[in-house]
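One structure is given below, encoded as structure tokens.
The values are calculated or read from the model by the stated rules, or taken from the named source; none is laboratory data. Since the structure is predicted, the reported quantities are computational estimates derived from the model, not experimental observations. Reconstructed Cβ throughout: ideal geometry from the backbone, glycine too, with neighbour counts over all protein chains shown.
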Amino acid sequence: MKTATELAERINDMYQGENWSGLNLKDLLADISFSEATTLTKVSNYSIASVVAHIIYYLKSVTNNMESDDVDIREEKGFQIKNMEGDVDWQELLRTLGLAVANLVNKINDMDANENIETFQIDRNLHAAIEHCYYHLGQLLFLKRMLRSAIP
């Protein structure tokens, strides 16, 4: 089992650090314009912005239910995004992503730093959050490449 500190570091590295994939969410999203963020492609039902909103929803759900046996993640809620009208809204969504990651990392760090996460459910939920974010990191990279190619 990982300690709380190790899991918090993995989540933070997925967002803004060096990790096994060589890519993190913050850097991947940094140069995406509002137009790119809100454009749908032929290969996905979701825009980059809606995938980011989904990651935020998922991280907030895990944070709010960290010790629960049932983290209720509903797909129909997870990809909902408010009407975005410009770059200010896109930048706010990115800021909210950073806050969602920071809140989860802080909640984990509130646990004893050297304590093993002995509750199976907490350990499982945190590993699921990490894997979920890496899945969508790949999806976001794919969407970004599609938008910047001649095949939107």
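Listed here are the residues, each with its yes/no results for (1) touching a strand residue (DSSP E or B) at 6+ places or on another chain (Cβ under 8 Å); (2) over 16 Å from residue 104 (Cα atoms); (3) of a type outside the set (A, V, I, L, M, F, W, C).
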{"site": "3", "(1), (2), (3)": "yes, no, yes"}
{"site": "6", "(1), (2), (3)": "no, no, yes"}
{"site": "11", "(1), (2), (3)": "no, no, no"}
{"site": "19", "(1), (2), (3)": "no, yes, yes"}
{"site": "27", "(1), (2), (3)": "no, yes, yes"}
{"site": "32", "(1), (2), (3)": "no, yes, no"}
{"site": "35", "(1), (2), (3)": "no, yes, yes"}
{"site": "43", "(1), (2), (3)": "no, yes, no"}
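Kindly check whether there is at least one residue in segment 3-24 that is basic (Lys, Arg) and more than 15 Å from residue 100 (Cα to Cα). Within segment 3-24, not a single residue is basic (Lys, Arg) and more than 15 Å from residue 100 (Cα to Cα).
Restricted to segment 1-119, the set of helices (runs of 4 or more DSSP H) holding at least 2 residues that are within 19 Å of the chain's Cα centre (by Cα) and modelled with pLDDT under 90 comprises 4-16, 48-64, 75-78, 87-109. Among the residues of segment 80-93, write down those that are within 17 Å of residue 57 (Cα to Cα) and surrounded by fewer than 19 Cβ atoms within 10 Å (Cβ to Cβ). If the condition is that a residue be within 17 Å of residue 57 (Cα to Cα) and surrounded by fewer than 19 Cβ atoms within 10 Å (Cβ to Cβ), then 80, 82, 83, 84, 89, 91, 92 are the ones that fit.
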